[in-house]
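Structure, as structure tokens:
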There are 2 protein chains.
Amino acid sequence: MTRGILFLVVTLVVSSATALWPQPQSISTGSKALKISPSFHITLSGIKNAPKDLLDAISKTKDNIANDKLERLVVGRGAVDAEAVAKSAELNELVVSLEHDGKVRSISEEAVDAIENRVEGYSLTVPEDGSAATLKANSTLGLYRGLTTFQQLWYFWDGRVYSVDAPFQIRDSPKYPYRGLMLDTSRNYFPAEDIKRTLDAMSLVKVRTICSSPVLPSVHVSVLFQLNSFHWHVVDSQSFPLQVPGFMELSEKGAYSPSSVYTPEVVKDIVAYAAARGIDVIAEIDTPGHTAVIAKAFPEHIACNEKTPWTTYANEPPAGQLRLASDATVKFTANLIEAASSLFQSKFFSTGGDEVKQSCYRDDEETQQQLNASGKTVETALNDFMKATHEALHKNGKTAVVWQEMVLEHKIELRNDTVIFVWISSTDVKAVAQAGFRLVHAASDYLYLDCGAGEWLGNDPTGNSWCDPFKTWQRSYIFDPTANLTESESKLVLGGQQLLWTEQSGPQNLDSIVWPRAASSAEVFWSGIGGNISQALPRLHEVGYRLNQRGVKAINLQPLWCALRPGVCDLTA
Amino acid sequence: MTRGILFLVVTLVVSSATALWPQPQSISTGSKALKISPSFHITLSGIKNAPKDLLDAISKTKDNIANDKLERLVVGRGAVDAEAVAKSAELNELVVSLEHDGKVRSISEEAVDAIENRVEGYSLTVPEDGSAATLKANSTLGLYRGLTTFQQLWYFWDGRVYSVDAPFQIRDSPKYPYRGLMLDTSRNYFPAEDIKRTLDAMSLVKVRTICSSPVLPSVHVSVLFQLNSFHWHVVDSQSFPLQVPGFMELSEKGAYSPSSVYTPEVVKDIVAYAAARGIDVIAEIDTPGHTAVIAKAFPEHIACNEKTPWTTYANEPPAGQLRLASDATVKFTANLIEAASSLFQSKFFSTGGDEVKQSCYRDDEETQQQLNASGKTVETALNDFMKATHEALHKNGKTAVVWQEMVLEHKIELRNDTVIFVWISSTDVKAVAQAGFRLVHAASDYLYLDCGAGEWLGNDPTGNSWCDPFKTWQRSYIFDPTANLTESESKLVLGGQQLLWTEQSGPQNLDSIVWPRAASSAEVFWSGIGGNISQALPRLHEVGYRLNQRGVKAINLQPLWCALRPGVCDLTA
């Protein structure tokens, strides 16, 4: 659809009460009140042997509609709707059906399928007269997306769950198949509970509340982001929390503490939890840089381990890189990557490849000897190293993901299907696309969640973060995924993600640093380029308030006074 | 003491394990291990009729020492200490005494006494041989400060509570009598529970944990900040949560919801809770600007209420100022200030006075008529208005606090004892001091906690916050309270505070935006100008980790890897 049509749609939605996020590709709403019947139910039509995760999603949808207690963000809240709602029709049923007669796969299977095979579209109709609503899709993954949209149509006031915008007709599908969030669990550790809460927020199903008090009662509501990719930067030079079978010494010696680990069982649980919510977990073992921690268990494989001054040997402390010219190290790494990738269901696995420092190898006697013996340069050795690890991935049925340097800086001979994450700058996207690779936007100048909180390195009284300033939700919202790209280059864009590197984060501020900001790119990569900040803000407020209701500590973007009065706190109002 | 000596002291402490925050004025430590005996107790010596809050503080100190489980932030944690601790002497007793024979007042009485009368110093001795430790002070407030210091000497490992730096000799007293934190509860509302948790963190007594889960078990530890002033910006144009007897319509119509209020009982509870922790609560009703919300109950008193474009009539939406030329409004305001100030025990009360916009009065017909009738200008009317409200405060036994504009912009005839909060820029301090007023540092260029998260006003895709960039802990730590002041001007500096305006904050990110950053100025105003960032950082890490242990979500300032290795992650390491 064209950008002009998208703007028209946005305008329509803002003038109504319904605040969907991300914006569907096509929506028409009316102005009739409609309330959920006390006997409301969701029926499967023509779906035999429904998978358990679909039945769970339906059950959760009913729970959420019954338990969601989000008051509309208008002056007077639901009081202004009460009279119309009292007289309205009641919705008694949502009928859910698949538009194909083939084999019914589970949401979880579809979520981790190859990215080009996923089907996430759906159509949803809610009549205003109380006759049955219908949800149709070509996949259970599409039904899941539609169920989360359906949950988001309703508000609460005085015991009633209602809308004032019936009827609805929604036809929806994502612009981009990759819509992600990256979390680094090495700089600081995050318990599995925090990761699961983040996955819940990404998919916007009911969150398991882990805090409760008389002051902040647990109320469960539902919102929709439909992020479908969790990029898990699970280990790095600072700590190695991932237990990898066959390589247990890495976490035994490299985790921050014996309890700061992700066991294979925990990983399996997280992967399954994500998949049932339509989310693919893409893990990363960064190589050959960002690997100092491996030296604690296998010092023979690491060059310039904790060598100082670290500024000479790494982009951040501690220094340490895999000895890429050592045959033993190449074999070790390929085996490690193979074993680690086997812990995850995703077709994707990232071998990293960012920030390889030549100086580390230059000053490492063993590496110099190995290079001399083999007649290789660091660059040719790096090429062979990457080919070996990617071959191991390929044999294991996986597609490699790497950071942009592997294409732009090192000209590694990558397989054609390799996916490139562009992080240094959005201006690097063009060159990656010109090289013909599929790519994911992850640019620090738009999508990094950790910028702007000052220098984390010590001894720098006035330092700013390297990627200053803070990337506001507005900044990521106006990101254009195909800026400066030709039509054929644009087809290489799989989507994008916001990223949290955790030098200055931990479980304490995970929610507040991520939400609702990460919803910003969720809309860009679902709906297409974001457009008007002022028109988006009321819907984004609702995302935040819904998240708060269920225990995700999304922050306020404005005073509540402004949130109740769309547009009134605009700079130009 | 001189800055040279302070540096020496800091160096000593960094080389030992003990990480006190703020830095005491004088400390000597040894290198002997000493463990707390299972029968450890705290004895009062020569204090008859000990006040209940002192007994409570002693009881909490014992609880905290028994329950604190902070492992030392070194590689290997307490394992490196185990052998020395096994062989060490045991400390069995702390003897607490007052160094005067006069009437024993409670901590709570002393905390809210006139600022010039407060005595907060103490001396603490902990021998290394297991003989009794002693804590002496001239006031119960000083004993309270000493008890919190005593709690902070101990670490935990394998069932033992211990130090490896005995013996200790500490003589301590604050450089400045005012060490504060400001919270705005109008832009967004904060339940009393959040305020109490903040007061706990300020004083660093045991926090009531409101979150618990198997993942984040509640462990109680103690740290020391010794902030003693909570500046409560309780109402503003956006909402009026304070219930004021005789003016109940203000909160009935101006609070965000019927439950988003502070009742007189809640205020009394918060004030008592603070006082028992050595904290004075200084409330503020900002006048004559920042008062739009009053129009909901008393429209006759407000000029330019919600008038647009707001940019013409206010510094942020909504516009609205008290009709300062109306006799009825002056009387109303004086009565409101008197009634509100009576809810608080503090000798201080702030009538605000910032950001008065002439344009609001210029375009307000009633105000123009009133000015014409009385022959006043806006400036002379403002002077009479302020004199009337301050007279009401004075009669009520209170000392007025105002923002800097009342002196620098409007030349109001203030009483000599008025305290001026300098917020716009630290460069304005000199002029306030030259005018001869006592002042509190609250400068946006060093001490604002809310800067750097982007423009909160809508419709500004690339806007930054007005006080960009983010004020790092390093920035506030290097703040010099007497920069450019003469010796006599320096004597007018009561101290300072960090401030959280809450356009983009709420209960969700209160802890993470405030802590541990606000500890930064706590040390500056207790110990004197901060000095070396690199040497302070290990102690500040400990503040954060202790706070985490007790459920205050202070954020990580570095990866844990760095926190365990002081100096190694310095920019120049």
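For region B:294-315, state whether one or more residues are modelled with pLDDT of 95 or more, assigned to a helix (DSSP H, G or I) and under 26 Å from the mean Cα position of the chain (by Cα).
No, region B:294-315 contains no residue that is modelled with pLDDT of 95 or more, assigned to a helix (DSSP H, G or I) and under 26 Å from the mean Cα position of the chain (by Cα).
At positive phi and either assigned to a strand (DSSP E or B) or at pLDDT below 95 (or both): is that true of B:Asn92 in this structure?
The answer is no for B:Asn92.
Anything in region B:532-548 that is in contact (Cβ under 8 Å) with a residue 40 or more places away in the chain and either under 21 Å from the mean Cα position of the chain (by Cα) or more than 12 Å from chain A (Cβ to nearest Cβ) (or both)? List them, or say none.
B:Ala536, B:Arg539, B:Leu540, B:His541, B:Glu542, B:Val543, B:Tyr545, B:Arg546, B:Leu547
Search region B:152-191 for residues being of a type in the set (Phe, Trp, Tyr) and under 19 Å from the mean Cα position of the chain (by Cα), and hand back the single one that is surrounded by the most Cβ atoms within 10 Å (Cβ to Cβ).
Filtering region B:152-191 for residues that are of a type in the set (Phe, Trp, Tyr) and under 19 Å from the mean Cα position of the chain (by Cα), the one surrounded by the most Cβ atoms within 10 Å (Cβ to Cβ) comes out as B:Tyr178.
Modelled with pLDDT under 95, assigned to a strand (DSSP E or B) and over 20 Å from B:Pro566 (Cα atoms): does that describe B:Ile42?
Against the criterion (modelled with pLDDT under 95, assigned to a strand (DSSP E or B) and over 20 Å from B:Pro566 (Cα atoms)), B:Ile42 does not qualify.
Limited to region B:96-111, what total is found for residues that are surrounded by fewer than 16 Cβ atoms within 10 Å (Cβ to Cβ) and among the aliphatic types (A, V, I, L, M)?
Residues flagged as surrounded by fewer than 16 Cβ atoms within 10 Å (Cβ to Cβ) and among the aliphatic types (A, V, I, L, M) within region B:96-111 amount to 0.
If you take just the helices (runs of 4 or more DSSP H) that sit entirely in region A:376-439, which of them hold at least 1 residues that are at positive phi and polar (S, T, N, Q)?
Fully inside region A:376-439 and qualifying: nothing.
Which one of these does A:Ser521 not meet: (1) in contact with a strand residue (DSSP E or B) (Cβ under 7 Å, 6 or more places away or on another chain); (2) among the small types (Gly, Ala, Ser); (3) within 8 Å of chain B (Cβ to nearest Cβ)?
Exception for A:Ser521: condition (3).
Suppose the filter is touching a residue at least 12 places away in the same chain (Cβ under 8 Å) and not assigned by TED's automatic domain parsing to the domain that holds A:Trp473; does A:Trp403 pass it?
yes
Report, ordered by the first and then the second residue, all pairs with beta carbons closer than 7 Å, sequence separation of six or more or different chains, a first member in region A:14-33 that is among the polar types (S, T, N, Q) and at pLDDT below 75, and a second member that is part of a loop (DSSP other than H, G, I, E, B) and buried (at least 19 other Cβ atoms within 10 Å of the Cβ).
Listed pairs, sorted by first residue: A:Thr18/A:Leu153.
Looking at (1) under 30 Å from B:Asp468 (Cα atoms); (2) at pLDDT 95 or above; (3) not in a helix (DSSP H, G or I), find the lone condition where A:Gly463 falls short.
(2)
If we keep just the residues of region A:431-465 that are among the small types (Gly, Ala, Ser) and more than 10 Å from chain B (Cβ to nearest Cβ), which is surrounded by the fewest Cβ atoms within 10 Å (Cβ to Cβ)?
In this case the residue turns out to be A:Gly436.
In this structure, is A:Gly551 more than 7 Å from chain B (Cβ to nearest Cβ) and in a loop (DSSP other than H, G, I, E, B)?
Yes, satisfied.
Facing chain A (nearest Cβ under 8 Å), farther than 29 Å from B:Ile115 by Cα and more than 19 Å from the chain's Cα centre (by Cα), is that true of B:Ala573?
Yes: the conditions hold for B:Ala573.
It is to be established whether one or more residues within region B:136-143 are in a helix (DSSP H, G or I) and either among the small types (Gly, Ala, Ser) or at pLDDT below 95 (or both).
yes
Determine whether B:Gly146 is assigned by TED's automatic domain parsing to the domain that holds B:Ala82, free of Cβ contacts under 8 Å to residues at least 60 places away in the same chain, under 25 Å from B:Arg550 (Cβ atoms) and out of contact with any helix residue (DSSP H, G or I) (no Cβ under 7 Å at 6 or more places or on another chain).
Considered against the rule, which asks whether it is assigned by TED's automatic domain parsing to the domain that holds B:Ala82, free of Cβ contacts under 8 Å to residues at least 60 places away in the same chain, under 25 Å from B:Arg550 (Cβ atoms) and out of contact with any helix residue (DSSP H, G or I) (no Cβ under 7 Å at 6 or more places or on another chain), B:Gly146 comes out as yes.
Which count do you get for residues in region A:495-514 that are assigned to a loop (DSSP other than H, G, I, E, B), at the interface with chain B (Cβ under 9 Å from one of its Cβ atoms) and in contact (Cβ under 8 Å) with a residue 40 or more places away in the chain?
The number of residues fulfilling the criteria is 6.
Scanning region B:477-494 for residues that are in a loop (DSSP other than H, G, I, E, B) and of a type in the set (D, E, K, R), which turns out nearest to B:Thr418 (Cα to Cα)?
B:Lys491
Only one residue in B:Asp468, B:Asp480 is more than 16 Å from A:Asp468 (Cα to Cα), surrounded by fewer than 18 Cβ atoms within 10 Å (Cβ to Cβ) and either of a type in the set (D, E, K, R) or more than 7 Å from chain A (Cβ to nearest Cβ) (or both), so which one is that?
B:Asp480
Considering each residue of region A:232-287, count those that are part of a strand (DSSP E or B) and under 18 Å from A:Thr351 (Cβ atoms), and give that number.
Qualifying residue count, region A:232-287: 8.
Against the condition closer than 16 Å to B:Met182 by Cβ and either of a type in the set (D, E, K, R) or within 18 Å of the chain's Cα centre (by Cα) (or both), how does B:Tyr446 come out, does it pass?
Yes; evaluated as a whole, the condition is true for this residue.
Can you tell which of A:Leu91, A:Leu124 is assigned by TED's automatic domain parsing to the domain that holds A:Leu20, more than 30 Å from B:Lys253 (Cβ to Cβ), buried (at least 22 other Cβ atoms within 10 Å of the Cβ) and more than 28 Å from the chain's Cα centre (by Cα)?
Going through A:Leu91, A:Leu124 in turn, just one is assigned by TED's automatic domain parsing to the domain that holds A:Leu20, more than 30 Å from B:Lys253 (Cβ to Cβ), buried (at least 22 other Cβ atoms within 10 Å of the Cβ) and more than 28 Å from the chain's Cα centre (by Cα): A:Leu91.
Looking at B:Ile420, B:Ile412, B:Ile424, which is the one that is surrounded by 21 or more Cβ atoms within 10 Å (Cβ to Cβ), in contact (Cβ under 8 Å) with a residue 12 or more places away in the chain and not small (Gly, Ala, Ser)?
B:Ile420
Which one is surrounded by the most Cβ atoms within 10 Å (Cβ to Cβ) among residues in region A:553-572 that are within 28 Å of A:Thr198 (Cβ to Cβ) and of a type outside the set (A, V, I, L, M)?
Per the criteria, the residue is A:Pro559.
Name the one entry in A:Val293, A:Val281 that is among the β-branched types (Val, Ile, Thr), buried (at least 19 other Cβ atoms within 10 Å of the Cβ), within 11 Å of chain B (Cβ to nearest Cβ) and touching a residue at least 12 places away in the same chain (Cβ under 8 Å).
A:Val293
Could you say which residue among B:Lys60, B:Lys35 is surrounded by 18 or more Cβ atoms within 10 Å (Cβ to Cβ), of a type in the set (Lys, Arg), more than 26 Å from the chain's Cα centre (by Cα) and farther than 14 Å from B:Leu135 by Cβ?
B:Lys35
The values are calculated or read from the model by the stated rules, or taken from the named source; none is laboratory data. What you are looking at is a predicted structure, and each value in this text was computed from that prediction instead of being measured. For neighbour counting, all protein chains shown are included, and Cβ atoms are generated from backbone atoms with ideal geometry for every residue, glycine included.
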